[in-house]
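Note sheet for the following structure.
Each value in this text was obtained by applying a stated rule to the coordinates, not by laboratory testing. The structure presented is a predicted model; accordingly, all values stated were derived computationally and were not measured. Methodologically, a virtual Cβ is constructed for each residue, glycine included, from the backbone with ideal geometry; neighbour enumeration extends over all protein chains shown.
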Amino acid sequence: MNIHEYQAKDLYRQYGIPTGEGFPAFSAEEAVEAAKKLPGPIWVVKAQIHAGGRGKGKFKEAEAGTGGGVRLAKSVDEVRTFASQMLGRTLVTAQTGDDGKQVNRLYIEDGSAIARELYLSMLVDRSTGRVAFIASTEGGMDIEKVAHDTPEKIVTFSIDPASGFSAYHGRKLAFTLGLAGDQVNQCVRMAGNLYRMFVEKDMSLLEINPLVVTKDGKLICLDGKMNFDSNALFRHKEIVELRDLTEEDPAEIEASKHDLAYVKLDGTIGCLVNGAGLAMSTMDIIKLYGLEPANFLDVGGSASKEKVKEAFKIILNDPNVNGILVNIFGGIMRCDIIAEGVVAAARELGVKVPLVVRLEGTNVELGKEIMAASGLKIVAADNLEDAAKKITAEVKKAA
C-alpha cells in the first residue's frame, strides 16, 4: 500500500525526522490558506499522486499551463494560479504510463535554500532478508539515469536484524553521502529514526529523493515515497486510514475485497491461477505463444466456488479480454471445487470469449467430468503448454 508525500511527511514528524513545513490542499482556496501559514517568500506547489517523476511530468490539458507537477511559486497569487491549473487535471509521468493520473490534492510546502541534493532509500532486501540502505551523492530527478550510466555512484549496505541499527551505520551513510562536521551527527540521528520507523511501521520501501543539504548545513527529507507491506496492515489501522482509493485500479480494489491477488495488465488473455509462481509461469507461456496476459490473478491455495466466480467477474469486466485461461494445480485446493466454480461462473455470467481450463492434482478426473457434463463450451487442456497453445489459437481464430 502506498501513501501520499504529505502523509509520509506527517510520519517523518512523528519520528523526529527533519522535513519541510507544509500543508495539504484540496482546492485553490485551501492552497492559498496553506501558503499564508508558511513564511515564504518561495512556496512549492506539489501534485499528490502515487507516482514518481512529478517534476518532469506533463499535464494532458492545456488549461494546466506549461509546468510539471512540482512548481515554485514566488507569491501567494502564483500559488492560487498553479493550484487552479493543476487540480482536476491529468498528470503523465514516466511512472504513470500514457493514461496518467488525475491530481485531486496538492501539498503546499515552504521553499528550501538547497545547497546539495542527495539520494536515500530503504527497502527489504529479499536476497539477504534484511533492511538495506541505498544511498548516492547524485540525488534529484535523474536518479534512474545515474543507476543506468554510473551504478558505482550508488552504495548499498544492509542492517543485521540481530544487532539492529547502530551509530556506525549512520556514520557509514554520512561518509557515503559526503557529509562532514555536524552533518554527520545529523545523519546518524536521522538514519536511526528512519530505520526505527521503517521497522515499526512494516514498510517495504522508503525513498527520499531528494534528501537535501540546505545552505545553512541542515539535512532535510524533501520528499517521501513510502510503501507498506500489505500482509502487515492488520497491525496498522492508522496506516490503512491513509489509503487513497482514487489512486488504485477499481478492479484491484474489488479483488482485494474477496482476498484475490489481482494486477491489471495490457494484454488480451485473462488468467485465473492458484499460486503466484504458477501465475507468473502462465503469463510467460502466453507471451511465448505470441499473445499477452491481461492480468495477474492468484485465487490462492484454498479458493471456494464463490471466490472463483468473483474472479471471473473481475476478469470479464476488462473490455480487452478476448479469452480466459484457467490454470489450477490442486494440492490443498480440490479440482472438482474449481470446476464447479468455473461452470457456475460461465453459466451465470454468460462467458462468450474462449475459455480453456487446465486442471491437475486432487480430484482432477472428477473436475474434468463436471466440466464435460456442463454442456458449456469449455476447452480442457492436458498440461500448461497444451493450455497455452489452445487459448492462443482460440483467440487468434476468433479475432
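Express in nm, to one decimal, how much length is gained between F157 and D77 on full extension, taking 0.36 nm for each residue of separation and deducting their alpha carbon distance. Show your work: numbers first, answer last.
Numbers: separation 80, 0.36 × 80 = 28.80 nm, distance 4.56 nm.
24.2 nm is the gain from fully extending F157 to D77.
I need to check one value: relative contact order of region 114-240, counting alpha carbon pairs closer than 8 Å and at least 6 residues apart, in percent.
On the way: 217 pairs, mean separation 35.3, N = 127.
Rounded, it is 28 percent for region 114-240.
What number comes out for the charge environment of E385, summing +1 per Lys or Arg and -1 per Asp or Glu over other residues with Cβ under 14 Å away?
Net charge in that neighbourhood comes out at 0.
Dividing the C-alpha radius of gyration of region 1-59 by 2.2 N^0.38 Å, with N its residue count, gives 1.21.
Remark: region 98-104, residue by residue, has Karplus-estimated 3J(HN,Hα) of 5, 5, x, 9, 6, 8, 10 Hz, where x stands for each Gly or Pro and the curve is 6.51 cos²θ - 1.76 cosθ + 1.60 at θ = phi - 60°.
Among H236, H148, H4, rank each residue by its count of other Cβ atoms within 10 Å, from fewest to most, as a rough exposure measure. Write down the numbers at each step before the final one.
Details: H236 16, H148 9, H4 22.
Taking fewest neighbouring Cβ atoms as first place, the list is H148, H236, H4.
Using Cα-Cα distances under 8 Å and only pairs 6 or more residues apart, what relative contact order does region 250-398 have, in percent? Contact order relative to length: 23 percent. Rg and Dmax of region 250-398, based on Cα coordinates, read 13.4, 37 Å. Put simply, the amide H of L118, placed in the peptide plane, has neighbours under 5 Å in G139, L211, V212, V213, leaving out anything fewer than 5 places away on its chain. Ratio of Rg to Rh for region 114-240: 0.97 [Cα atoms; Kirkwood radius as inverse mean 1/r over pairs].
Evaluating 6.51 cos²θ - 1.76 cosθ + 1.60 at θ = phi - 60° for every residue in region 385-391, the Karplus couplings come out as 4, 4, 5, 5, 4, 5, 5 Hz, glycine and proline recorded as x.
Given an 8 Å cut-off on Cα distances and at least 6 residues of separation, report the relative contact order of the chain as a percent. Could you put the intermediate results ahead of the total?
Values: 815 pairs, mean separation 47.0, N = 399.
Reported relative contact order: 12 percent.
Over 23 Å between Cα atoms, which of K225/K307; K101/K287; K305/K377; K153/K225 qualify? Result: K225/K307; K101/K287 exceed 23 Å. For the Cα atoms of the chain, what angle does the longest principal axis make with the long axis of helix 5-14, in degrees from 0 to 90, nearest 10? Between the helix axis and the principal axis of the chain, the angle is about 60 degrees. You can think of it this way: the chain between N104 and E200 has 31.6 nm of extra reach, that is 0.36 nm per residue less the Cα-Cα gap.
Shown in residue order for region 170-177 are the 3J(HN,Hα) couplings computed by the Karplus curve 6.51 cos²θ - 1.76 cosθ + 1.60 at θ = phi - 60°: x, 5, 4, 5, 4, 5, 4, 8 Hz (x for Gly and Pro). Here is the P(r) of the chain: all C-alpha pair distances, binned every 20 Å from 0, give 24, 45, 27, 4 in whole percents.
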